[in-house]
Amino acid sequence: MRSNYWYAILLLLLNSYFASASVSLLQPKSLAYEKNIITQAEHSGLSRVELDKSQTFDVVKDGKLQGTLIQGKGWIREVQPVCFIGWSKDGKNIDQFIQTIGQGDWETVGCHKVDSVGFISKKDDENEKIAVIYTIEAPDHYGTDYYVMGLKAGDGVYYDNDTTEKFQNSSLKTIVELRKVYQK
């Protein structure tokens with residue numbers, strides 16, 4: 001009987017440790033960011049701005065909101081579809097606005113849609129890694145492309161060029177596949 005007591009205490013402690021070290025993506029409780037992210041996108045030259053609420057998440061670490069990761073799409077000059085990522089520390093104001101597929105390194109393709117968003121981190125990563133998988137529009141076909149970010153606790157997200165480049169020209173289609181390759 002006494003050994004069961006200590007076993008239960010040990011299990012409780014282990015579960016508490018692992019639960020407190022968790023990072024998760026949750027559907028936002030508020031849409032307070034909506035007006036501000038649309039305004040930011042329009043100021044950045046995008047029109048016909050649409051938010052992808054099914055791929056927008058509150059990032060919660062150890063039970064504390066780190067920020068809201070917002071996915072959206074707009075058009076440059078009505079002809080080039082561009083996806084973007086917004087980051088809001090408080091769920092209302094936009095602290096970062098990053099144009100992804102359709103701009104910069106990806107200006108030769110258009111952004112068709114966001115397929116999925118998820119963590120691919122290793123246990124020993126200094127900053128958690130969040131991957132976004134896109135369906136892209138090339139002149140003669142649709143394809144898949146990736147954008148990987150690091151999450152700095154309390155300081156937002158940053159583009160992880162090295163990790164993103166590792167996935168280029170691969171045929172990975174899911175966050176699970178990306179995570180498996182990244183964690184090797």
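What follows is calculated from the coordinates using simple rules that are stated; it is not laboratory data. All values derive from a computational prediction rather than experimental measurement. In this analysis, Cβ positions are derived from the backbone assuming ideal geometry, glycine residues included, and neighbour counts consider all displayed protein chains.
Hey, among Leu151, Leu172, which residue is in contact (Cβ under 8 Å) with a residue 24 or more places away in the chain, over 29 Å from Ala32 (Cα atoms) and buried (at least 16 other Cβ atoms within 10 Å of the Cβ)?
Checking each option against the conditions leaves just Leu172.
I'm checking my understanding of the structure. Among residues of segment 53-89 that are over 12 Å from the mean Cα position of the chain (by Cα) and assigned to a loop (DSSP other than H, G, I, E, B), which one is surrounded by the most Cβ atoms within 10 Å (Cβ to Cβ)?
Applying the filter and picking the extreme gives Lys89.
What's the number of the only condition in (1) more than 23 Å from Asn161 (Cα to Cα); (2) surrounded by 14 or more Cβ atoms within 10 Å (Cβ to Cβ); (3) out of contact with any helix residue (DSSP H, G or I) (no Cβ under 9 Å at 6 or more places or on another chain) that Gln103 fails to meet?
(1)
Going through Thr144, Thr163 one at a time, which residue ends up being touching a strand residue (DSSP E or B) at 6+ places or on another chain (Cβ under 7 Å), assigned to a helix (DSSP H, G or I) and either of a type in the set (Asp, Glu) or free of Cβ contacts under 8 Å to residues at least 60 places away in the same chain (or both)?
Exactly one residue qualifies, and that residue is Thr163.
Against the condition surrounded by 18 or more Cβ atoms within 10 Å (Cβ to Cβ), of a type in the set (Val, Ile, Thr), out of contact with any Cys (no Cβ under 6 Å at 6 or more places or on another chain) and free of Cβ contacts under 8 Å to residues at least 40 places away in the same chain, how does Ile136 come out, does it pass?
Yes; evaluated as a whole, the condition is true for this residue.
Which condition breaks for Asn93 when tested against (1) within 26 Å of Leu31 (Cβ to Cβ); (2) assigned to a strand (DSSP E or B)?
The failed condition is (2).
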